[in-house]
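The values are calculated or read from the model by the stated rules, or taken from the named source; none is laboratory data. Computed from a predicted structure; not experimentally measured. Virtual Cβ from ideal backbone geometry, glycine too; neighbours counted across all protein chains shown.
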Amino acid sequence: DSGVTQTPKHLITATGQRVTLRCSPRSGDLSVYWYQQSLDQGLQFLIQYYNGEERAKGNILERFSAQQFPDLHSELNLSSLELGDSALYFCASSVAPGLGQPQHFGDGTRLSIL
Amino acid sequence: GEDVEQSLFLSVREGDSSVINCTYTDSSSTYLYWYKQEPGAGLQLLTYIFSNMDMKQDQRLTVLLNKKDKHLSLRIADTQTGDSAIYFCAESSRGSQGNLIFGKGTKLSVKP
């Protein structure tokens with residue numbers, strides 16, 4: 001058990017809808033990261049937060065947004081969903097951002113768009 | 001830009017050693033990681049190495065780093081059926097602002 005909690009484990013929804021994925025980092029970790037895992041793109045970094053502030057953005061679509069709350073949990077919002085958004089979404093956390101800070105991953109949320 | 005390459009499949013017999021290879025391109029990479037993903041599960045951090053090191057050993061796992069060739073390997077001694085999983089190599093560099101760039105993963109199959 002990594003200590004990173006993601007809910008829900010599975011989400012099934014339709015095109016055009018909006019969903020929210022939730023992540024609670026390990027106790028003591030201030031940085032949260034979101035990654036997307038799909039068959040064609042592999043594992044890709046989406047966005048990073050540190051102590052409530054956005055720190056870095058990767059290949060995140062404009063239809064997607066995220067935030068980190070004062071209690072350090074984070075939410076990833078996906079809107080106007082398309083079939084291609086079907087993927088496994090991982091949250092990871094680390095003590096602090098930057099090099100040499102190992103990231104610990106949750107079990108992911110599997111999103112299926114019908 | 002950064003890129004991480006891995007072979008896609010590896011098959012070994014139980015009790016043998018497994019060697020999973022990875023190459024990376026970012027010369028400023030400073031940390032390199034190995035993660036394990038079992039079916040239906042998340043990514044488990046196995047080990048990581050700082051780029052000024054050549055080798056790191058942790059129980060059955062040995063990581064070798066050839067910085068000149070930008071080549072990283074993970075050796076699993078006495079491979080067991082429970083080691084069957086997908087193994088991901090990842091790099092973290094100044095270019096990626098510390099975020100992880102992953103390879104596509106190597107699926108390790110262990111035959112009894």
(request) For segment A:102-114, name all the residues that are outside any strand (DSSP E or B) and within 7 Å of another protein chain (Cβ to nearest Cβ). (result) A:PRO102, A:GLN103, A:GLY106, A:ASP107, A:GLY108
(message) Yes or no: segment A:22-43 includes at least one residue that is in contact with a Lys or Arg (Cβ under 9 Å, 6 or more places away or on another chain) and of a type outside the set (Ser, Thr, Tyr).
(response) yes
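Let's see how each residue does on (1) at pLDDT 90 or above; (2) more than 20 Å from A:GLN37 (Cβ to Cβ); (3) surrounded by fewer than 13 Cβ atoms within 10 Å (Cβ to Cβ); (4) not acidic (Asp, Glu):
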residue	(1), (2), (3), (4)
B:VAL4	yes, no, no, yes
B:GLN57	yes, yes, yes, yes
B:LEU72	yes, yes, no, yes
B:SER92	no, no, no, yes
(request) Please note which strands (runs of 3 or more DSSP E) are completely contained in segment A:53-95 and include at least 3 residues that are within 12 Å of chain B (Cβ to nearest Cβ). (result) A:53-57, A:87-94
(request) Look through A:ARG18, A:ARG26 and report the one residue that is of a type in the set (Lys, Arg) and surrounded by fewer than 16 Cβ atoms within 10 Å (Cβ to Cβ). (result) A:ARG18
(request) Please specify each residue of segment B:18-61 satisfying the condition of being of a type in the set (A, V, I, L, M), within 10 Å of chain A (Cβ to nearest Cβ) and not in a strand (DSSP E or B). (result) B:ALA41
(message) Criterion first (on the phi > 0 side of the Ramachandran plot and either of a type in the set (D, E, K, R) or touching a residue at least 12 places away in the same chain (Cβ under 8 Å) (or both)) does B:ASP83 satisfy it?
(response) no
(request) Determine, yes or no, whether A:LEU46 is of a type outside the set (D, E, K, R), farther than 21 Å from B:SER92 by Cα and either surrounded by 18 or more Cβ atoms within 10 Å (Cβ to Cβ) or at the interface with chain B (Cβ under 10 Å from one of its Cβ atoms) (or both). (result) no
(request) Filter segment B:40-56 for residues that are in contact with a strand residue (DSSP E or B) (Cβ under 8 Å, 6 or more places away or on another chain) and not hydroxyl-bearing (Ser, Thr, Tyr) and give the result. (result) B:GLY42, B:LEU43, B:GLN44, B:LEU45, B:LEU46, B:ILE49, B:PHE50, B:MET53, B:ASP54, B:MET55, B:LYS56
(request) Scan segment B:73-112 for residues that are within 14 Å of chain A (Cβ to nearest Cβ), farther than 16 Å from B:PHE9 by Cβ and outside any loop (DSSP other than H, G, I, E, B) and jot them down. (result) B:ALA90, B:GLU91, B:SER92, B:SER93, B:LEU100, B:ILE101, B:PHE102
(message) Looking at segment A:67-86, I want the residues that are loosely packed, with under 13 Cβ neighbours inside 10 Å and have a partner that is of a type outside the set (A, V, I, L, M, F, W, C) and not in a strand (DSSP E or B) with Cβ atoms under 7 Å, at least 6 apart or on another chain. Which pairs are those?
(response) A:PRO70/A:GLY52; A:GLU82/A:THR15; A:LEU83/A:THR15
